[in-house]
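Worksheet: one structure, shown below.
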Amino acid sequence: MSAAGRVGSPAARRDALRAVAAERGLDAVLVTNLLNVRYLTGFTGSNGALLLRTDGADLFGTDGRYTTQAAAQVPDVEVLVDRGTVPALARAAVRTGAGRLGFESHDLTVDGLEQLRSVLADAAAGGTVPELASVRRAVEAQRAIKDAGEIEALRRACAIADEALGELATEGALRPGRTEHEVGRELDARMLALGAEAPSFETIVATGANSAIPHHRPDGTVLQAGDFLKLDFGATVDGYHSDMTRTLVLGPAADWQREIYALVAESQAAGRAALAVGADVVAVDAASRDVIAAAGHGDHFTHGLGHGVGLEIHEAPGIGPLGAGTLAAGMAVTVEPGVYLPGRGGVRIEDTLVVTADAPELLTLTSKELLVL
C-alpha cells in the first residue's frame, strides 16, 4: 500500500486536512504550529511550516540547517529551503494562485499575522491578495483521535513509566530521609535509562503537606515516615507523552489517610467507567466528581478530571465542568481526581486510557491499591 493510503501516515493525515480545507472553500492552509507540522509531515526539527494545498501540490518549508533532515523525514513533499520559512510559503501561496488561504490563528501572534498580511500584499504586487481565513484548531481536532501507531507509542511510554516506578519502589528508593528533589531526579533517570526520550513534563514529587498542592514543584523537603508521597510523572516515546499519578504512604497509614485514599480510588473508578464513545465530557467529570462531593470533599477537588494526551501532555479533549464535546473512539485521555487537604496532605490517582467501542483500554498498569512502604 502506498504511503498516501496508509491509515495514520502523514500523507493520510494531510489528506484528511485537505478534505476539511476543501469543505471550507480554502485553496490552501498554512500550518505553522510545529507539533501540527510534525503530525502532518513527520518533521521533528525546530523550524518548519507546511503549505497544504487542496490540489495536492503541498510545499514544506524549513531553513538550511534542516535540508538533510527534511529530505529524510519529509520525502513525499516538495521542500522549500529559505531562512524566512513562513514568508516564503506565503509568497508561494500567492504564486500558485491561492484565493483563500487558511491559517492557524491560535498559533500566529498579532505581529506574525500583520507580517503575513504584508507579505501576501507585496507578493500580489497589486493583484488579488489571498483572503485569510482561520482554520482554528482543525489539526488539533484530528490529533485528538489517535491512530494505531500513536496508541502503540503511548503504550510504550506508559510501560516505561510503570517500570521506572516499580524499580524505585522495589529497590527502596522511596523512603524517609530522601528529598523530593532526589526522588524526582532518580525517577527521571530511570525513565531515560529504560528508553524514554525525556520525561513528559517536570516530574511532581510531593510529600507530607506538599501533597495537598496539586502541582507542587519538588524541593528539598525531606520524606518522613507516616506522610503521603504523591508522584505525578510520565515518559515520552516518539514524541508521545504518558501521564500517571500514584500516591502512597511512607509507613503505617492513619485512618484519615486510608479514608481519603479509598474515596479518591472510588471516584477514579467511576470516572474510568464513564469513558465511552459519545459520552459528554462534562458528564464524565460529574460521574467522578459527584462521588467526592457526596462525601463532603467537593471543595477539595479543585481541578478538572482529565485531559487528552499525545504529542502534547495536555491536549484535546478537556474533561471537566467547563469542557465541551463528546468522547470518540481513539481518544487518549487521563482520569485524575484528587482530594487535597491543606496543611495535611492530598491524594491523586491518575491513569492514561484510550476510549474504545468497548471498555476503555488502560495504559498505565501500576497497581492502584494503597501502597504502604
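By per-residue mean of other Cβ atoms within 10 Å, what is the highest-first order of 84-90, 346-352, 180-186?
Values: 84-90: 20.7, 346-352: 25.3, 180-186: 18.6.
Per-residue mean Cβ counts within 10 Å order the peptides as 346-352, 84-90, 180-186.
Taking only DSSP H segments of four or more residues, each worth -39500 (n - 2.57), what value at 222 nm results for the chain once the sum is divided by all its residues, to the nearest 500 deg cm²/dmol? Walk me through the numbers on the way to the answer.
Numbers: 10 runs with 132 residues, N = 373.
The helix contribution divided over the chain gives -11500 deg cm²/dmol.
Can you work out the FRET efficiency for the pair V129 and D15, with r the C-beta to C-beta distance and R0 = 25 Å, to the nearest 0.05? Provide the component values of the computation, followed by the final result.
Details: r = 28 Å, r/R0 = 1.12.
My answer for the efficiency is 0.35.
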Helix axis angle, 85-95 relative to the chain longest principal axis, alpha carbon, degrees: 40 degrees
For the chain, built as a Gaussian network whose Cα springs stay under 10 Å, the top-fluctuating residue of L108, L250, L165: L108
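Treat segment 87-129 as a sphere of radius equal to its Kirkwood radius over Cα pairs and apply Stokes-Einstein at 25 °C in a medium of 0.890 mPa s; give the translational diffusion coefficient in µm²/s, rounded to a whole number. Numbers along the way, then the final one.
Values: Rh = 10.6 Å.
It comes out at roughly 232 µm²/s.
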Rounded FRET efficiency, nearest 0.05, which uses the C-beta distance separating T179 from H106 and R0 of 41 Å: 0.55
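Convex hull over the alpha-carbon atoms of segment 240-373: what's its volume per residue in Å³? Before the final figure, lay out the partial values.
Details: hull volume 13.8 nm³, N = 134.
It is 103 Å³ per residue.
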Rounded Å value of the spacing that divides the Cα centres of segment 1-80 and segment 324-354: 33 Å
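Could you give the length gained by full extension between D255 and E361, i.e. 0.36 nm per residue of separation minus their alpha carbon distance, to one decimal place? List each step's numbers first, then the result.
Working: separation 106, 0.36 × 106 = 38.16 nm, distance 3.25 nm.
That pair, D255 and E361, stretches by 34.9 nm at full extension.
Using the Cα gyration tensor of segment 199-285, with a ≥ b ≥ c the square roots of its eigenvalues, what is the shape: rounded (a/c below 1.5), prolate (a/b larger than b/c) or oblate (neither)?
Verdict is oblate for segment 199-285.
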Within the chain: Cβ-based charge dipole about Cα centre, in debye rounded to nearest 20 (Lys, Arg +1; Asp, Glu -1): 500 debye
Distance from segment 145-184 to segment 212-250 (C-alpha centre basis), Å: 10 Å
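Percent relative contact order of the chain, based on C-alpha pairs within less than 8 angstrom and at least six residues apart? Intermediate results must be reported in sequence, preceding the final value.
Details: 817 pairs, mean separation 50.2, N = 373.
Averaging sequence separation for qualifying contacts and normalising by length gives 13 percent for the chain.
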Nitroxide proxy distance, nm - points 7 Å out along Cα→Cβ at D219 and A262: 3.4 nm
Of V284, A262, G25, farthest towards positive along the dipole that unit charges on Lys, Arg, Asp, Glu beta carbons give the chain: G25
Candidates A49, A276, A72: whichever shows maximal mean-square fluctuation once the chain is modelled as a Gaussian network with Cα springs under 10 Å: A72
Selected from A169, V237, L51, residue furthest toward positive end of dipole (the chain; charges at beta carbon): L51
Cα long-axis angle, helix 10-23 against the chain (0 to 90 degrees, to the nearest 10): 70 degrees
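Between A279 and L113, take the C-beta separation as r, use R0 = 41 Å, and let me know the FRET efficiency to the nearest 0.05.
Values: r = 37 Å, r/R0 = 0.90.
Efficiency computed from Cβ-Cβ geometry: 0.65.
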Nearest 10 degrees, 0 to 90: helix 281-294 Cα axis against the chain principal axis: 20 degrees
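Quick one: order K230, K146, K368 by neighbouring beta-carbon count within 10 Å, fewest to most. The partial results should precede the final answer.
Numbers: K230 28, K146 23, K368 19.
Ascending Cβ contact count within 10 Å gives the list K368, K146, K230.
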Principal axes of segment 148-362: Cα extent on each, largest first, Å: 48, 43, 23
Radius of gyration and maximum dimension Dmax of segment 3-143, Cα, Å: 13.9, 43
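Every number in this text was worked out from the coordinates using simple rules, so none of it is lab data. On a predicted model such as this, the values are computed, not experimentally measured, just so you know. Backbone-built Cβ (ideal geometry, glycine too); neighbour counts: all protein chains shown.
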